[in-house]
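Chemist: Once you've had a glance at the structure underneath, I'll fire off some questions.
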Amino acid sequence: MKADIETVIIGGGQAGLSVSYFLSRLGREHTVLEKAPLPANAWRNDRWDSFTLVTPNWMFRLPGAEYREASPEAYMPKAEIVRRFEAYVEQFRLPVEFGVEAGSVEPLNSSGYRLQTSRGEIKARNVVVATGLYQRAKIPAFAARLPQNILQLGSGQYRSPGALPPGAVLVVGSGQSGCQVAEELYQSGRTVYLATGKAGRAPRRYRGRDIAEWIYLAGVMDRTPAQLPSPQARFASNPLVTGKDGGHTLNLHIFAREGVRLLGRAQDARDGKFYFASDLMENLARSDQFEQEL
C-alpha cells in the first residue's frame, strides 16, 4: 500500500466502488480502503438468509455493470448481490485494499490529508468518505437491563427463525428490516410481538408499476441533500415493502389480522418487564397517511 497517493476512498460498498470505477476510467491514481476481508461485506454478513433487495433488478446500476438480464422486475437475493459485487471488483480491476481500516483523517495544511490506518499512515491529496448510512445498530440504553437469559440480536445478526431459541420473539422497531423479520418469524409459526415506530407503508405496486419505478420517474432519487426538507430527512425510515416471494406490501393491519401482537414504541425495561408507549394507534395512522400521501 502506497504511503502517498492522489485519492483515497474510504469504504468499498456501492458508493466507493462506483467512485473507483470512474477514477479508473480517467486514469487517476487512487485506492479504496475496505475494512472487511471480502467485497460486499454488508450484504454478505449483515443480512439474513432470505434477504432480497426491495428494489427491482433493473435498479441495480453499478456503473458499467448495470442489470440487463431476463428478470428486470424480480428482486435480487443476497447470494446474487454478493456475486455481482465480487465480479465487479475483478472485472474492472479496482484497486481495493481489503482488511484495511481507516481510523482517522486530518488536514495537512493546504496539501491534502493524513490518514491513520490499520496498516500505517497515508498522505492523500483527496479523500472520499463512502462509509454509508445505517452501519451501526441503534441499541436503546434499557437493553442493558434485560435479563441475561433473553437473547438480543440486531437485525444484522439475525439469520433465520430456526437459528433462534424456542419461544416468542419481540421485534423492536417497525421499519423495513423489522417488518421483514417479523413477517418471516410469524409465518414460520412463531409468536411475534412488534413494537411499532414511525415508518410509513408503501404499496408494492400502483397502476401496474412497482412503487420504486414511480419514485424513480418522479425524480425523488435525483434530489440532493440541499433539496430535502431537513438534513435529518436523509435518515428517515424507508417505506415498508419487501422483495420476498415476488414482492409485496408490508402492512401492519394485515400483521395484526394474522396474529402479530402490535405494541407502541418500546420505552423501557426493568425488573423483568417491558414498557411500551401508548402510541400504537398514532403509529398506525401515520403509516396509513404516508401511503396516501405517496
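The values are calculated or read from the model by the stated rules, or taken from the named source; none is laboratory data. Owing to the predicted nature of the structure, the values given are computational and were not obtained by experimental measurement. Heads up, the Cβs are rebuilt from the backbone with ideal geometry, glycines too, and the neighbour counts pull from every protein chain shown. To get the accessible areas, we keep the full protein, side chains included, count just its heavy atoms, and leave off ligands, DNA and RNA. Shrake-Rupley method; radii C 1.70, N 1.55, O 1.52, S 1.80 Å.
Chemist: What is the residue count in segment 212-235 for residues that are within 29 Å of residue 275 (Cα to Cα) and open to solvent by less than 70 Å² (accessible area, probe 1.4 Å)?
Modeler: Summing the residues that are within 29 Å of residue 275 (Cα to Cα) and open to solvent by less than 70 Å² (accessible area, probe 1.4 Å) in segment 212-235 gives 1.
Chemist: Restrict the check to segment 12-34 and report whether at least one residue is small (Gly, Ala, Ser), open to solvent by 60 Å² or more (accessible area, probe 1.4 Å), at pLDDT 95 or above and within 28 Å of residue 244 (Cα to Cα).
Modeler: No, segment 12-34 has no match at all.
Chemist: Could you list, in sequence order, all residues of segment 46-70 that are open to solvent by less than 60 Å² (accessible area, probe 1.4 Å) and either within 15 Å of residue 213 (Cα to Cα) or without any contact (Cβ under 8 Å) to a residue 12 or more places away in the chain (or both)?
Modeler: Correct list: 53, 54, 55, 56, 57, 58, 59, 60, 67.
Chemist: Next question. Restricting the search to segment 166-206, which residues are open to solvent by 50 Å² or more (accessible area, probe 1.4 Å) and aromatic (Phe, Trp, Tyr)?
Modeler: Passing the criteria: 193, 206.
Chemist: Just name the residue that is surrounded by the most Cβ atoms within 10 Å (Cβ to Cβ) out of those in segment 110-124 that are among the polar types (S, T, N, Q) and either farther than 14 Å from residue 97 by Cα or in contact with a helix residue (DSSP H, G or I) (Cβ under 9 Å, 6 or more places away or on another chain) (or both).
Modeler: Initial filter on segment 110-124 (among the polar types (S, T, N, Q)): 110-111, 116-118.
Adding the requirement that they be either farther than 14 Å from residue 97 by Cα or in contact with a helix residue (DSSP H, G or I) (Cβ under 9 Å, 6 or more places away or on another chain) (or both) leaves 110-111, 116.
On the way: 110: 5, 111: 10, 116: 14.
Per the stated criteria, the residue is 116.
Chemist: Is it the case that residue 145 is open to solvent by 70 Å² or more (accessible area, probe 1.4 Å) and within 28 Å of residue 18 (Cβ to Cβ)?
Modeler: When the stated conditions are applied, residue 145 does not pass them.
Chemist: Another question, then. What is the one condition in (1) within 18 Å of the chain's Cα centre (by Cα); (2) assigned to a loop (DSSP other than H, G, I, E, B); (3) surrounded by fewer than 16 Cβ atoms within 10 Å (Cβ to Cβ) that residue 79 does not satisfy?
Modeler: The one condition residue 79 does not meet is (2).
Chemist: For segment 1-19, how many residues are touching a helix residue (DSSP H, G or I) at 6+ places or on another chain (Cβ under 8 Å) and closer than 19 Å to residue 112 by Cα?
Modeler: Matching residues across segment 1-19 total 3.
Chemist: I've got another one for you. Pick from segment 236-291 the residues that are among the polar types (S, T, N, Q) and either on the phi > 0 side of the Ramachandran plot or open to solvent by 50 Å² or more (accessible area, probe 1.4 Å) (or both): which of them is farthest from the chain's Cα centre (by Cα)?
Modeler: First pass over segment 236-291, keeping only residues among the polar types (S, T, N, Q): 237-238, 242, 249, 251, 267, 278, 283, 287, 289.
In the following step, the residues that additionally are either on the phi > 0 side of the Ramachandran plot or open to solvent by 50 Å² or more (accessible area, probe 1.4 Å) (or both) were identified as 237-238, 267, 278, 289.
Values: 237: 10, 238: 9, 267: 24, 278: 28, 289: 24 Å.
Result: 278.
Chemist: Residue 3 is checked against (1) of a type outside the set (Lys, Arg); (2) open to solvent by less than 50 Å² (accessible area, probe 1.4 Å); (3) at pLDDT below 95 and fails just one. What number does that condition carry?
Modeler: Of everything listed in (1) of a type outside the set (Lys, Arg); (2) open to solvent by less than 50 Å² (accessible area, probe 1.4 Å); (3) at pLDDT below 95, residue 3 misses just condition (2).
Chemist: Residue 209 versus (1) open to solvent by 50 Å² or more (accessible area, probe 1.4 Å); (2) in contact with a strand residue (DSSP E or B) (Cβ under 9 Å, 6 or more places away or on another chain); (3) within 30 Å of residue 284 (Cβ to Cβ): which is the lone unmet condition?
Modeler: (2)
Chemist: Related question: Of the conditions (1) open to solvent by 80 Å² or more (accessible area, probe 1.4 Å); (2) at pLDDT below 95, residue 155 clears all except one; give me its number.
Modeler: Of (1) open to solvent by 80 Å² or more (accessible area, probe 1.4 Å); (2) at pLDDT below 95, only one is false for residue 155: (1).
Chemist: Also, I was wondering about something else. Tell me, please, whether a residue that is under 24 Å from the mean Cα position of the chain (by Cα) and more than 24 Å from residue 52 (Cβ to Cβ) can be found in segment 203-222.
Modeler: Within segment 203-222, one or more residues are under 24 Å from the mean Cα position of the chain (by Cα) and more than 24 Å from residue 52 (Cβ to Cβ).
Chemist: Condition first: part of a helix (DSSP H, G or I), under 16 Å from residue 82 (Cα atoms) and of a type in the set (A, V, I, L, M). Now tell me which residues in segment 22-45 satisfy that. Let's see the steps before the verdict.
Modeler: To start, the set of residues in segment 22-45 that are part of a helix (DSSP H, G or I) comprises 22-25, 41-45.
Restricting the remaining residues to those that are under 16 Å from residue 82 (Cα atoms) gives 41-45.
Passing the criteria: only 42.
Chemist: When you check residue 84 against the structure, is it surrounded by 15 or more Cβ atoms within 10 Å (Cβ to Cβ) and within 18 Å of the chain's Cα centre (by Cα), yes or no?
Modeler: Spelling it out, residue 84 is indeed surrounded by 15 or more Cβ atoms within 10 Å (Cβ to Cβ) and within 18 Å of the chain's Cα centre (by Cα).
Chemist: Just checking: which of the strands (runs of 3 or more DSSP E) contained wholly in segment 86-149 hold 3 or more residues that are farther than 25 Å from residue 235 by Cα?
Modeler: Strands (runs of 3 or more DSSP E) meeting the threshold: 96-98, 113-117, 120-129.
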